[in-house]
Amino acid sequence: AHDFRSRSDDSEDTELRFITCQSLWNQIKSETEQIQEDLNKQLLDNLVSFLSRSHSQFQEKMTEWTCRMKFREIPTAALVLGVNVTDHDLTFRGLSDVLQDNITPYIALLEAKDCPGIKNLMQKLMGQLMNCDIDVDSLEDEDCVQVSQNRIRCSMSSLISWYESVTKKTDSETPSKKRNSSSRHWQSPPVVVILKDMESFTTKVLQDFIVISSQHIHELPLVLIFGIATSPMIIHRLLPHSVSSLLCIELFQSLSCKEHLSTIIDKLLLTSRFPFKLGEKVLQVLINIFLYHDFSVQNFIKGFQLCIVEHFYSEPLSVLCCQLVDVKKRVYSLSHDQCENIRRLPSFRRYVEKQDSGKQIELLTNDSFLKEETEKLLEDLHVYHENYVSILRCLHVFTSSLPKYPLGKQIRELHCACLENRVWETEEYESSLQLARMLNKTDLVTMLQQCVEILMSSSGKEFDKTVEKLKEFLTQFQNLEAEASQERDVSVSSQKELQKKTDLYHLQKTLLELKESRRSKKLTKFEMLRFEVVDYIDSLVRKYLVPADDRTLHEIMYFNAATVLRGHLNAAPRTALHTALNNPHWYLKNQALKCDGGGISNKAPDICIVYKLHLECGRLINLVDWLEAFSTVVMAAEEPNADAASSDQVDDIIHARFIRAVSELELLGFIKPSKQKTDHVARLTWGGC
């Protein structure tokens, strides 16, 4: 926040822009969290049901030997989450919260990096479970704190003793406390151990833990949850049959990351609730990073957040990127400089060129008239967004059911195509129309019904006549059924009449007429109606799906700086390192470090001086010469000291600084010791950045 204000202090309404940006992001963040909660709800409900079944089996009395053998199986949920590993933490946090709120307080989340051996695993497991036992109320209990501070031997028997003690303590509570605890957690709640990244665990650690746990499963209600990124077959690859047979495995599949992304785009971008929009190239950058790098929905959302911050920081007129109800108030509070910013927008200049000379003069000279016109244009832009989303969904209903998906199967692909250019001028769109003209009646009726539902639920006010027209098409399709049955009766009677005609002349004449009618291929009523429906949908596309770049003042609401975004997201560490070492003023913003003409400032950090000196050297660098050059630069601004003792002390300090700077340069990989000459180092990097 401080950086946003300090870097934008040269423009007006910085505080309002920051507040608008923050408010917008809070709304989007809240919406995103709700979407993710809804998407994971089915998965979490299934896991809770699985735990319920497993827990009920543990509570049953086991008397026969066969039952005891069956009881050695550990209930295990194999949770396949996909390769988007960076999103797994959010899922596990949600799962942990649900389990702690409704089922059990005893949950441990283990990662492979913390569990290189079975001893480390048990330490981590017991440490997390012991902490689960200490709540806010029990922190005041001196005995409980002493118990938590005691060093307990990490073993399964110790874990069982601890579990029995905490469950007995719960049973011995007062009735009121017991009722409160039972309302949240089950009686004798299970101990849930979540292995977040099962593929990363070593085989020996998993085998030892499963074998030890199975021997005590009749004493401890243990439930395992395996987080799997690849395939459930990894369980059988890591574990031999003798160990995997000790697990009672049930498979759970999360929603695929592509479906997750499509839902996020549908709810955040294809809506008129949020005024901020992404341009085609920016959206394509985020989608490409998602598809070709990490499949991470969380990183996509972070990129989206970065776009919001960058837009409100770099665009002075982003103060007008607000809800429709606030447009009028903010437009009429614009200063003269901000009005000039509006006049400089490319889309506004194109708009002015299309007006008559009198209106052009008013727009370019009269601020009051400009504000009135800006208010109308921004209102039109909001209406455009509402209509755009509705017609885009209608078009997607048609294109998503076509074979080969010329315009893409997902609505995000269709959205990108519409943002890029006039979609009706593309070959893919023409192919889609040709395929749509061959749809059968059942599919057409279904699509029209879906379009009617979309338009009726839309907030756009221009679709009343459109809905009436689509309903009229549906009525005509219904009437065709009755006419088709009558035509079938007529064709049957005509064939009977043809059979009655025994005269050769009349028979030949009738056959020639039938042949001629087939050759002309007259369209049936259904085909004509189908063409009419497709043409009408085409007219809606041409009217409402105009690219955003063609709309006046689109720069206020659309972020199109794809190059800036790519520079933020696609890291170039060598370039950044070279810039930092060669020109430290770029990052430190210290005027004393500013150096023109390729000189070396003695005020720069030691590593920067050493780096710039090493750029002037060849493949091998003499350390003595390098030290002398470094000393010359450092001592350039200092007066010579006549005292020999103090001079030697200064030399020692400079020598120590040089050694440290060279060591840091070696750590960064710019140089390495040379085997050819002991007093030389070899340079490892060449060329510019």
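The values are calculated or read from the model by the stated rules, or taken from the named source; none is laboratory data. All values reported here derive from a predicted model rather than from experimental measurement. Cβ atoms come from the backbone with ideal geometry, glycine included; neighbour counts cover every protein chain shown. Accessible surface is based on the protein model in full, side chains and every heavy atom, while ligands, DNA and RNA are left aside. Shrake-Rupley method; radii C 1.70, N 1.55, O 1.52, S 1.80 Å.
Reported count of residues in segment 567-609, each being out of contact with any Cys (no Cβ under 7 Å at 6 or more places or on another chain) and not in a helix (DSSP H, G or I), is 17.
Scan segment 243-267 for residues that are under 19 Å from the mean Cα position of the chain (by Cα), surrounded by 19 or more Cβ atoms within 10 Å (Cβ to Cβ) and aliphatic (A, V, I, L, M) and report the count. Result for segment 243-267: 3.
Among the residues of segment 434-448, those identified as open to solvent by 60 Å² or more (accessible area, probe 1.4 Å) and either small (Gly, Ala, Ser) or in a loop (DSSP other than H, G, I, E, B) (or both) are MET438, ASN440.
Consider segment 107-120 and keep the residues that are more than 26 Å from the chain's Cα centre (by Cα) and within 25 Å of GLN36 (Cα to Cα). The one that is surrounded by the fewest Cβ atoms within 10 Å (Cβ to Cβ) is ALA108.
In summary, THR552 fulfils each of the numbered conditions (1) part of a loop (DSSP other than H, G, I, E, B); (2) not assigned by the TED database to the domain that holds LEU444 with the single exception of condition (2).
Checking SER213, SER262, SER231, SER242 one by one, the residue that is modelled with pLDDT of 90 or more and part of a loop (DSSP other than H, G, I, E, B) is SER231 and no other.
Has segment 210-228 got at least one residue that is open to solvent by 30 Å² or more (accessible area, probe 1.4 Å), over 24 Å from ILE107 (Cβ atoms) and not basic (Lys, Arg)? Steps first, please.
First, the residues of segment 210-228 that are open to solvent by 30 Å² or more (accessible area, probe 1.4 Å): 211-212, 215-216, 218-219.
Next, from what is left, pick out any that are over 24 Å from ILE107 (Cβ atoms): none.
No, segment 210-228 has no match at all.
I'd like to check something: does segment 319-333 contain any residue that is open to solvent by less than 10 Å² (accessible area, probe 1.4 Å) and of a type outside the set (A, V, I, L, M)? Yes: one or more hits. Of the residues making up segment 334-372, those that are free of Cβ contacts under 8 Å to residues at least 12 places away in the same chain, open to solvent by less than 80 Å² (accessible area, probe 1.4 Å) and part of a helix (DSSP H, G or I) are GLU340, GLY358, LYS359, GLN360, GLU362, SER368, PHE369. Scan segment 373-408 for residues that are farther than 22 Å from VAL282 by Cβ and either more than 26 Å from the chain's Cα centre (by Cα) or surrounded by fewer than 18 Cβ atoms within 10 Å (Cβ to Cβ) (or both) and the total you get is 15. Could you tell me whether segment 568-589 includes any residue that is at positive phi and open to solvent by less than 50 Å² (accessible area, probe 1.4 Å)? No, the conditions are met nowhere in segment 568-589.
For VAL533, the test of being modelled with pLDDT of 90 or more, part of a helix (DSSP H, G or I), surrounded by 10 or more Cβ atoms within 10 Å (Cβ to Cβ) and β-branched (Val, Ile, Thr) is passed. Just for segment 48-82: of the residues that are of a type outside the set (S, T, N, Q) and open to solvent by 90 Å² or more (accessible area, probe 1.4 Å), which one is modelled with the highest pLDDT? Out of the qualifying residues, it is ARG53.
Give the residues of segment 287-299 that are under 13 Å from ILE264 (Cα atoms) and open to solvent by 10 Å² or more (accessible area, probe 1.4 Å), sorted by residue number. If the condition is that a residue be under 13 Å from ILE264 (Cα atoms) and open to solvent by 10 Å² or more (accessible area, probe 1.4 Å), then GLN298, ASN299 are the ones that fit.
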